1. On C-alpha positions alone, give me the angle between the axis of helix 239-266 and the longest principal axis of the chain, in degrees, nearest 10.
2. Which angle between 0 and 90 degrees, to the nearest 10, do you get for helix 59-77 versus the longest principal axis of the chain when only C-alpha atoms count?
3. Scan around Val19 for amide H atoms under 5 Å from its own, H built in the peptide plane at 1.01 Å from N, and keep only partners 5 or more places away or cross-chain.
4. Tell me, what ³J(HN,Hα) does each residue in segment 385-395 have, in order and in whole Hz, if you take phi through Karplus 6.51 cos²θ - 1.76 cosθ + 1.60 with θ = phi - 60° and put x for Gly and Pro?
5. Could you do me a favour and compute the accessible area per residue for segment 94-186, 1.4 Å probe, result in Å²?
6. Can you pull the one-decimal nm distance between simple spin-label points at Tyr211 and Arg368, each 7 Å off the Cα toward Cβ?
7. Any idea what the relative contact order of the chain is, in percent, if you count C-alpha pairs under 8 Å spaced at least 6 apart?
8. If the label point is 7 Å along Cα→Cβ of Trp83, which residues in segment 24-42 have backbone nitrogen under 13 Å from it?
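The values are calculated or read from the model by the stated rules, or taken from the named source; none is laboratory data. Given the structure is predicted, the values throughout are model-derived calculations rather than measurements. Here the Cβ positions follow ideal geometry from the backbone for every residue, glycine too, while neighbour counts run over all protein chains shown. Accessible surface areas use protein heavy atoms only, side chains included; no ligands, DNA or RNA. Shrake-Rupley method; radii C 1.70, N 1.55, O 1.52, S 1.80 Å.
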Amino acid sequence: MSQDQTTNQSWGGRFSEPVDAFVARFTASVDFDKRLYKHDIQGSIAHATMLAKVGVLSDSERDSIIDGLRAIQGEIEAGQFDWRVDLEDVHMNIEARLTERVGITGKKLHTGRSRNDQVATDIRLWLREEIDIIVAELERLQRGLLQQAEQHAEVIMPGFTHLQTAQPVTFGHHLLAWFEMLCRDRERLLDCRKRVNRMPLGSAALAGTTYPIDRQLTCELLGFDAVSGNSLDGVSDRDFAIEFCAAAALAMMHLSRFSEELVLWTSAQFNFIELPDRFCTGSSIMPQKKNPDVPELVRGKSGRVYGHLMGLLTLMKSQPLAYNKDNQEDKEPLFDAADTLRDSLRAFADMIPAIRPRVDVMREAARRGFSTATDLADYLVRKGLPFRDCHEIVGHAVKYGVDSGKDLAEMSLDELRRFSDQIGQDVFEVLTLEGSVNARDHIGGTAPAQVRAAVQRGRELLGDS
Ligand code: ARG
């Protein structure tokens, strides 16, 4: 039959009737994969350059292909490109337009290549760039945390276990816990990038190609670290995308925990920090409300990234070698996971430098909850008592404090000595909040001196000092 509108000109040769209009729409990916246009063109330019180098294309054919592709990129970026669903995906849309622009030479671009290795290459190029953007946002957030931690190295707040007041910590130390989590997220992303940055191009449809291609050249032109070692694997696996989603899911989990604390801390009940108005919204019915929408949304968005991870794992499960159309379903989850993580990090990187601790409120909360009870027990251990007995003694003192409405540091020496005659005047040094935090003076401890040292290490890690 003759080629017509509904028979795809790229593969319609062996078909005797046009594809059903709904099936054409159902199988098309252009609505979402047009996002890969820049990387598709980048890959095609490298491929054409290589084909000319090995003598498959003439230099003038190469040049007209490259000029045509650059012009198409211009059309796309100017919003003048007519994306056609009947051309299925970004690859065939661009190739068809190339042939429209440069004539028959455009049809030579696909020599020695398949959409299977083309798309696998495009996604890797795209994801590599996204990882770099995401890591930059993550580092911006880390810098904000370091700056806040340094500024508030001495600010005392209650540390919690079970969300019950446990021991005093410094606000700087608490913020640096977030910094540490982000360090691991960064490591994971950079490690994942190594496996993203391998080039499947040259795998062709599945078995490689009969043309004398120079994969090493394309690899260098595209900035990949290495070529993939097996063509069947190269076109089919999406483990790198799954790995990225796993790293993204963990990072979102961290941001979600972080969000939860910001939500708690901005509540009237905690009132630990002030979040500037520009990160909050009001209520249409309750005039007094100022809601921490940004952290709430980030907390909520973590769920979709977990979902994408599970979706991609399930997408790949049981797929026989090599490429299957299932793989077209890799893009939307991957795109959304990257967008969600990038935007969440961006929101946090903007927001964190702007939070202000309510120093007095934090301090009062730390003072109220018997947070130095462990310090009193440690004091008694230093006087020679076994820790278990000390624990018991302090437990009685706390009970007395609860009944009489006094914190440990508010009791007189006589009152304290009712629980142990080992207690002397020097006890009051250990019962102060400053005494408590300063005593935890080792790597990873909450003492202000340790917070400053950790800030310094963090700056070195980020290459800032
Ligand atoms: N749009 C396709 C995808 O995203 C491109 C590869 C199509 N290959 C094929 N043999 N149908 O996976």
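1. The angle comes out at about 30 degrees.
2. Around 50 degrees separate the two axes.
3. Residues meeting the amide H criterion: Asn8.
4. Karplus-based 3J(HN,Hα) across segment 385-395 equals 8, x, 4, 4, 5, 4, 4, 5, 4, 5, x Hz.
5. 35 Å²
6. Between Tyr211 and Arg368, the simple spin-label model gives 7.3 nm.
7. On the way: 650 pairs, mean separation 77.0, N = 465.
That works out to 17 percent.
8. Counting only backbone N, you get 28-38.
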